[in-house]
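Since the structure comes first, as structure tokens, the remarks are kept for the end.
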Amino acid sequence: MILVTGATGTVGRLTLRRLPVGHAVRVLARDPSRVAVPHRNVEVVRADYGDPLSLRRALTGVHRALLVTNRVGGDDDAVFLRTAREAGVRQVVKLSAAAVADLQAQDLITRWQRDCETALTSSGLGWTLLRPRAFMSNAMSWGSSVRTEGVVRTLYGHTPNACVHPQDIADAAALALTEDCHVGRVYTLTGPQPLTAVEQTEQLAEVIGRRLRFEELEPHQARVALLRRYPGPVVDALLDSALRQKAGAKAQVLDTVRAVTGSQPRSFRTWAQEHAGVFAPDGNRRSGPLFSLEGALS
């Protein structure tokens, strides 16, 4: 049996859809009502990292698991891995971040991700690490300003990031959960080209057929906006990450998606076409997931 955590988030949700129907799948969720079940072979169980008994029940009979955690600085990974080992889980596929490999990245979130990786690789369990660059879906955070003003606002708009389509991450995760050849492997996943926010804005404008304007935020403006959603230490980490991007640390393109999945990585234009409705004027748009820390820092 395969266990999927984070199924209400971006990668977990897409991985759940990508797993073949022939595999028995269990989903761990704090709120099972929020999980979209793709087929009848999926069982959803209520469990929480802070509830050892529920976690043990969720992991009983599981052989492989996708581990997605977002509580920065917490011990969710350690608790999960300890329980997984006791339950006889053979392999854990961990969603991490590309920044972990950058020795210049010493912010709070990256240091926490490194600790989580170390907990897994030293756990005695089989492991696979997925280290994506920033998610293309982070552009969802522009939805409101695009719909109402025709404007994209963000930091350092002329600095490149080889951002990756979340479906490519999910495809790699699904393969790692269903094939034997990925144990002990580290996969750094990027998109097909480095793009700046200005270039993303131009492509998004072409896709939705609307003139868009780019406005670059000053660091203090970005801090104020981020503090509305996150605590100060997390905001500091996000701003440090943006500075690394400004220095060119996130522009490298790797061939990992093709090597792992056999398919070329999807482009930002493809992502924008798939989610054009999110940017349509109010009253005509289709809803989409909100920006979250998952995939924000890489």
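The values are calculated or read from the model by the stated rules, or taken from the named source; none is laboratory data. All values derive from a computational prediction rather than experimental measurement. Cβ coordinates were reconstructed from backbone atoms using ideal geometry, including for glycine residues, and neighbour counts include every protein chain displayed.
Below is a table of values for the structure above.
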{"quantity": "Hits in segment 80-101 (condition: under 21 Å from the mean Cα position of the chain (by Cα) and in a helix (DSSP H, G or I))", "calculated": "Phe80, Leu81, Ala98, Ala99, Val100, Ala101"}
{"quantity": "Residues that are among the hydroxyl-bearing types (Ser, Thr, Tyr) and not in a loop (DSSP other than H, G, I, E, B), drawn from segment 106-164", "calculated": "Thr110, Thr118, Thr121, Thr128, Ser137, Ser141, Ser144, Ser145, Thr148, Thr154"}
{"quantity": "Helices (runs of 4 or more DSSP H) enclosed by segment 198-281 - at least 2 residues per element that are at pLDDT 95 or above and more than 20 Å from His165 (Cβ to Cβ)", "calculated": "219-227, 232-246"}
{"quantity": "Residue count, segment 58-79 (criterion: of a type in the set (S, T, N, Q) and under 15 Å from Val25 (Cβ atoms))", "calculated": "1"}
{"quantity": "Filter result for the condition that a residue is out of contact with any Cys (no Cβ under 8 Å at 6 or more places or on another chain), within 26 Å of Ala139 (Cα to Cα) and hydrophobic (A, V, I, L, M, F, W, C), over Val44, Val27, Val35", "calculated": "Val35"}
{"quantity": "Top-ranked residue of segment 56-73 - restricted to ones that are touching a residue at least 24 places away in the same chain (Cβ under 8 Å) and under 22 Å from Trp112 (Cα atoms), ranked as surrounded by the fewest Cβ atoms within 10 Å (Cβ to Cβ)", "calculated": "Gly73"}
{"quantity": "All positions within segment 92-132 that are within 17 Å of Ala172 (Cβ to Cβ) and surrounded by fewer than 17 Cβ atoms within 10 Å (Cβ to Cβ)", "calculated": "Ala101"}
{"quantity": "Condition met for Pro38 (assigned to a loop (DSSP other than H, G, I, E, B), of a type outside the set (Gly, Ala, Ser) and in contact (Cβ under 8 Å) with a residue 60 or more places away in the chain)", "calculated": "no"}
{"quantity": "Considering residues of segment 14-24 that are out of contact with any Pro (no Cβ under 8 Å at 6 or more places or on another chain) and within 22 Å of Asn138 (Cα to Cα) only, the residue surrounded by the most Cβ atoms within 10 Å (Cβ to Cβ)", "calculated": "Thr15"}
{"quantity": "Hits in segment 256-270 (condition: exposed (fewer than 15 other Cβ atoms within 10 Å of the Cβ) and touching a Lys or Arg at 6+ places or on another chain (Cβ under 8 Å))", "calculated": "Gln264"}
{"quantity": "Qualifying positions in segment 27-48 - surrounded by fewer than 23 Cβ atoms within 10 Å (Cβ to Cβ) and within 18 Å of Val93 (Cα to Cα)", "calculated": "Ala29"}
{"quantity": "Conditions (1) of a type in the set (A, V, I, L, M, F, W, C); (2) touching a Gly at 6+ places or on another chain (Cβ under 7 Å); (3) not in a loop (DSSP other than H, G, I, E, B); number of the one not met by Val183", "calculated": "(3)"}
{"quantity": "Odd one out for Val151 among (1) under 18 Å from Val72 (Cα atoms); (2) surrounded by fewer than 22 Cβ atoms within 10 Å (Cβ to Cβ)", "calculated": "(1)"}
{"quantity": "First in segment 120-146 and free of Cβ contacts under 8 Å to residues at least 24 places away in the same chain, second anywhere and of a type in the set (A, V, I, L, M, F, W, C), Cβ under 7 Å, 6 or more apart", "calculated": "Thr121/Trp127; Ser145/Val151; Ser145/Val152"}
{"quantity": "Segment 85-110 residues that are touching a residue at least 12 places away in the same chain (Cβ under 8 Å), paired with ones that are among the polar types (S, T, N, Q) and assigned to a strand (DSSP E or B) (beta carbon under 8 Å, 6 or more apart)", "calculated": "Gln91/Thr128; Val92/Thr128; Val93/Thr128; Lys94/Thr128; Ala98/Thr188; Ala101/Thr188"}
{"quantity": "Selection from segment 176-191 of residues that are touching a Lys or Arg at 6+ places or on another chain (Cβ under 9 Å) and surrounded by 20 or more Cβ atoms within 10 Å (Cβ to Cβ)", "calculated": "Ala176, Leu177, Tyr187, Thr188, Leu189, Thr190, Gly191"}
